[in-house]
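The values are calculated or read from the model by the stated rules, or taken from the named source; none is laboratory data. Source: prediction; values computed, not measured. No Cβ is skipped: glycine too gets one built from the backbone with ideal geometry, and neighbour counts run over all protein chains shown.
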Amino acid sequence: MKKILIIDDSALMRTVLSDIINSDSRFQVVAKAKDGIEGLDLLKKNTYDAVVLDINMPRMDGITMLREVQKAKIKCKIMMASTDTKEGAKVTMDALDLGALDFVHKPDRASECRGEDFTKHFINTLAAVCDSKAPTISSKAFSFEDAKESRKVVELVTRSASKITGNRIVAIASSTGGPRALQSVIPKLPKNLKTPVVLVQHMPEGFTASLAERLNSLSEINVKEAAEGDILKPGTVYISRGGKHMHIVKSGGKSTIHYVDGPTREGVRPCANFMYESLMDSDYDEVCCVVMTGMGADGTEGVKNLKSKKKIYVIGQEESTCTVYGMPKAIAQAGLVDQVVKLDNIAQEIIMHVGVN
């Protein structure tokens, strides 16, 4: 049975989350803390299979506690309980930068946490965090300077990549561990990349804008949350908006972004399968599919269906560099992967495959 620590300043929320966690026979809440100071003290004395951490707390908030955990070199798997305000989304990005593995968006009222959808999502996320690899992260958040350093390696690759011809597109899928892993890929892509990049990262509405802003601030290539009707241009990364399914459709002879509401697929919305399948009728000669860290199997069915209509080249993230080896494992087991690549080398393989202008 997995031992869980809850850190939250609301006594009611601690009780509600405990009830949810203890209702699943795989988990047991063995300790609770009302702020970061108490939580840190417990982490120094005991080990837990996962920690559920609130962000806004008196005395010591969740972000400060994460920094202290890093300073003390405490290895633990942390899942954030986050609010969905714009500021909340930005702080959640900071938490993921500082080593939190994933997050759930916590409703404003504790009573809303007892709903079936929230309970299922919470337990699934907790299970993924328990099964994931604890991060080995420096306490310094990734910066534009780090990105510049890593781009030097890629510059050598781009020289030979200018000879590549054909109308191509890059389509990336990522989930648990993705927001941080993407910092090792997107900022290394040059602004003169010959193709557009479309990207599905499993996140709720309100968080993908913050992810896009964060990646754009680190990158030379343009990164944006994709808007309805956006025309796909080379040298731009389009991140699917959370809470909707992103399709690439033809409009006026151009490839454009179109959002579709609708039920979740593979338990997620946005779902990468829809993105891949929407490219089946596109004008692209070839699709470079990249499947990165994440729980579940999103991407596999979509890539399989895409392959029936299009030439594809599939890059899967190598297991030891994944926070959760779910999505890349599923696509590898389906026999669809052309190349298995460590996280740090994904950008250069994309560049070598699609070219630069």
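Do we find that Lys32 is assigned to a strand (DSSP E or B), farther than 15 Å from Ala134 by Cβ, outside the structural domain of Ser210 (by TED's automatic domain parsing) and of a type in the set (Lys, Arg) in this structure? Yes.
The condition (being out of contact with any Ser or Thr (no Cβ under 7 Å at 6 or more places or on another chain) and surrounded by 15 or more Cβ atoms within 10 Å (Cβ to Cβ)) is satisfied by just one residue among Leu66, Leu12: Leu66. Here no strands (runs of 3 or more DSSP E) wholly within region 49-115 include at least 3 residues being of a type in the set (Lys, Arg). Is it true that Ala11 is assigned by TED's automatic domain parsing to the domain that holds Ile123, within 11 Å of Val52 (Cα to Cα) and of a type in the set (A, V, I, L, M, F, W, C)? Answer is no for this residue. Name the one entry in Asp41, Asp49 that is free of Cβ contacts under 8 Å to residues at least 60 places away in the same chain and either within 27 Å of the chain's Cα centre (by Cα) or closer than 22 Å to Lys2 by Cβ (or both). Criteria check complete, one pass: Asp41. Please verify whether region 69-83 includes one or more residues that are more than 26 Å from Pro204 (Cα to Cα), surrounded by fewer than 22 Cβ atoms within 10 Å (Cβ to Cβ) and among the hydrophobic types (A, V, I, L, M, F, W, C). Yes, some residue in region 69-83 is more than 26 Å from Pro204 (Cα to Cα), surrounded by fewer than 22 Cβ atoms within 10 Å (Cβ to Cβ) and among the hydrophobic types (A, V, I, L, M, F, W, C). Being touching a Cys at 6+ places or on another chain (Cβ under 7 Å) and modelled with pLDDT of 90 or more, is that true of even one residue in region 133-146? No, there is no match, as no residue in region 133-146 is touching a Cys at 6+ places or on another chain (Cβ under 7 Å) and modelled with pLDDT of 90 or more.
Where strands (runs of 3 or more DSSP E) sit wholly within region 153-237, those with at least 1 residues that are under 20 Å from Met275 (Cα atoms), at pLDDT 95 or above and within 12 Å of the chain's Cα centre (by Cα) occupy 168-174, 197-201.
Matching residues to (1) without any contact (Cβ under 8 Å) to a residue 24 or more places away in the chain; (2) of a type in the set (A, V, I, L, M, F, W, C); (3) surrounded by fewer than 18 Cβ atoms within 10 Å (Cβ to Cβ):
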{"site": "Gly294", "(1), (2), (3)": "no, no, no"}
{"site": "Asp298", "(1), (2), (3)": "no, no, no"}
{"site": "Leu306", "(1), (2), (3)": "no, yes, no"}
{"site": "Gly316", "(1), (2), (3)": "no, no, no"}
{"site": "Met327", "(1), (2), (3)": "no, yes, no"}
{"site": "Ala334", "(1), (2), (3)": "no, yes, yes"}
{"site": "Lys342", "(1), (2), (3)": "no, no, yes"}
{"site": "Glu349", "(1), (2), (3)": "no, no, no"}
